[in-house]
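Novice: Would you mind keeping the following structure in view while I ask a few things?
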Amino acid sequence: MVKARIDVLPDKKPAYRQSGLIWLGISVFIVILDQLTKALVSQNLEYRQVIEILPVFNLTLAHNYGAAFSMLSDAGGWQRWFFAALAATASILIIGWLRAVPRSQRCFGISLALILGGALGNLIDRLIFGYVIDFLDFYWGSAHFPAFNLADSAITVGAVLMLFYSFFLEPKSKPA
């Protein structure tokens with residue numbers, strides 16, 4: 001009779017602790033902060049109400065039915081579901097990608113986590129309201145940059161970090 005042998009690995013950390021799933025915590029934090037700020041602004045400002053904070057910055061409640069810079073905002077409604085599906089697909093892909101990013105690749109992990117948190121924050125708005133809540137309004141004179149929110153900021157910072165990683169950090173980590 002052959003006995004089955006069971007080897008016990010000595011104190012090996014579970015795979016999720018070694019993987020990049022730690023980055024999901026950053027994404028969750030971004031989603032919570034984004035949704036809290038949008039709720040706070042929505043409860044305290046009327047639509048298009050302007051509160052001047054600085055000579056170049058206002059709080060202004062705006063609804064974005066389109067994508068970045070309100071692209072396709074007047075496309076008839078189909079864009080809501082298109083951008084929601086795009087954000088959901090990108091989020092699923094990023095979650096899969098994050099699972100493979102080791103903790104040692106901090107810059108890359110944080111960049112993906114910020115992009116994921118921002119995408120999910122705006123996805124929640126699209127699914128619940130049919131538009132994204134924007135409220136940060138920077139301007140110079142009479143020229144206003146399109147209003148945006150914390151989710152948009154997280155996506156932008158995440159993209160910049162990813163470019164920084166790709167051009168400056170990743171090439172150094174690869175053997176010549």
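The values are calculated or read from the model by the stated rules, or taken from the named source; none is laboratory data. Source: prediction; values computed, not measured. Heads up: the accessible areas ignore ligands, DNA and RNA and are worked out on the full protein's heavy atoms, side chains in. Shrake-Rupley method; radii C 1.70, N 1.55, O 1.52, S 1.80 Å.
Novice: Could you give the distance between the Cα centres of segment 114-169 and segment 23-62, to the whole Å?
Specialist: 11
Novice: Please list Glu46, Glu170 from largest to smallest accessible area, probe radius 1.4 Å, with all protein chains kept in place.
Specialist: If we order Glu46, Glu170 from most to least accessible, we get Glu46, Glu170.
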